[in-house]
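Shown next, in structure tokens, is the structure this report addresses.
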Amino acid sequence: MDASGERIVLVIPCYNEADRLPVQRISDTVSAHTWMSLVLVDDGSADGTRAVLEGLAQANPGRIKVHALDCNGGKGEAVRQGMRFATEVFPEAGYAGYFDADLATPLEEAAHLLEGVRGARPSLIMGSRVNLMGTTRILRSAKRHYIGRLFATLVSEMLKLPVYDTQCGAKLVRMDRVQALFLEPFLTRWLFDVELIWRVVNLVGRAQAHDEIAEVPVRSWQEQGGSKVKWIDGVRVPSQLWRIRRHYREQEQALSPAHTILIRSSAMSSRPVSRK
């Protein structure tokens, strides 16, 4: 267990990562931290990724599971299916989360995210990249930093929430919320983090969002090469954000009080989480 007493399962979406996945680092981290389990999702890779993932699972029986998808659906769909699979194979976990395959955020940071909420158990805990003197070490280019700040400001205004960093690849979701929040496919392949925040708002109610969503600065993050995001994905961001805003805002407005109560009751009636 981590210092908070929670078991954590982390989903790592992988697409054509056979030559890039830090296999030894992943194996060593899982061996060193008994509170951690992993679900490695092969998102329809065309190289030898699946064999690499299965090798990791065989070397760490009971701690690492592989979920292979038949075709490439994008990062958002790989995360969605992996999170739902995690509830089936590691039901004892208190939180399920997802981290990037390049380990820009070290897997050990999952425990730090839980410690950062000081004993509370919000529905969503988001890592954020804040460069603070003496306490965090965030290594990324100035260009990426400023683009990220512009994007985060736009998203914060859209959500009407003081969100600092939606795109950091380190997030945890309370296990009893996973099935409800990841039930439907996401609208977008790369902006699903923004969708997830809005889903939490629609699930718990906007008045409770500040208590149910928490941001915790990660202690370490290092920019990695080989991003799967193409320039055309950047061009599509404005239209995709508009699509997200329209869809979830209409959904939020359409939720009657009775419907909202029903959704919350359904989420809370999920099987209890073991606190072993």
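The values are calculated or read from the model by the stated rules, or taken from the named source; none is laboratory data. All values derive from a computational prediction rather than experimental measurement. Using ideal geometry, Cβ is built from the backbone for each residue, glycine included, and neighbour counts are taken over all protein chains shown.
Annotations
- Some residue of the range 9-16 being farther than 27 Å from residue 139 by Cα, modelled with pLDDT of 95 or more and of a type in the set (Val, Ile, Thr): no
- Verdict on residue 76 being in a helix (DSSP H, G or I) and touching a helix residue (DSSP H, G or I) at 6+ places or on another chain (Cβ under 8 Å): yes
- Within the range 100-157, considering residues that are under 15 Å from residue 215 (Cβ atoms), surrounded by fewer than 20 Cβ atoms within 10 Å (Cβ to Cβ) and among the basic types (Lys, Arg), the one modelled with the highest pLDDT: 118
- Scanning the range 70-99 for residues that are surrounded by fewer than 20 Cβ atoms within 10 Å (Cβ to Cβ) and in contact with an Asp or Glu (Cβ under 6 Å, 6 or more places away or on another chain) turns up just one, 72.
- Selection count where residues are under 19 Å from residue 97 (Cβ atoms) and either over 20 Å from the mean Cα position of the chain (by Cα) or surrounded by fewer than 20 Cβ atoms within 10 Å (Cβ to Cβ) (or both), scope the range 45-61: 3
- Residue match in the range 36-51 (condition: under 23 Å from residue 126 (Cα atoms) and basic (Lys, Arg)): no
- Taking each residue of the range 16-41 that is over 13 Å from residue 64 (Cβ atoms) and among the aliphatic types (A, V, I, L, M) and looking for partners that are modelled with pLDDT of 95 or more and surrounded by 18 or more Cβ atoms within 10 Å (Cβ to Cβ) with beta-carbon atoms closer than 8 Å, six or more apart or interchain, yields 18/45; 18/49; 18/52.
- Exactly one residue out of 138, 197, 147 is assigned to a strand (DSSP E or B) and β-branched (Val, Ile, Thr), and it is 138.
- Boolean, residue 173 is assigned to a helix (DSSP H, G or I), modelled with pLDDT of 90 or more and surrounded by 22 or more Cβ atoms within 10 Å (Cβ to Cβ): no
- Out of 214, 209, sole residue that is surrounded by 18 or more Cβ atoms within 10 Å (Cβ to Cβ), assigned to a helix (DSSP H, G or I), modelled with pLDDT of 90 or more and of a type in the set (Gly, Ala, Ser): 209
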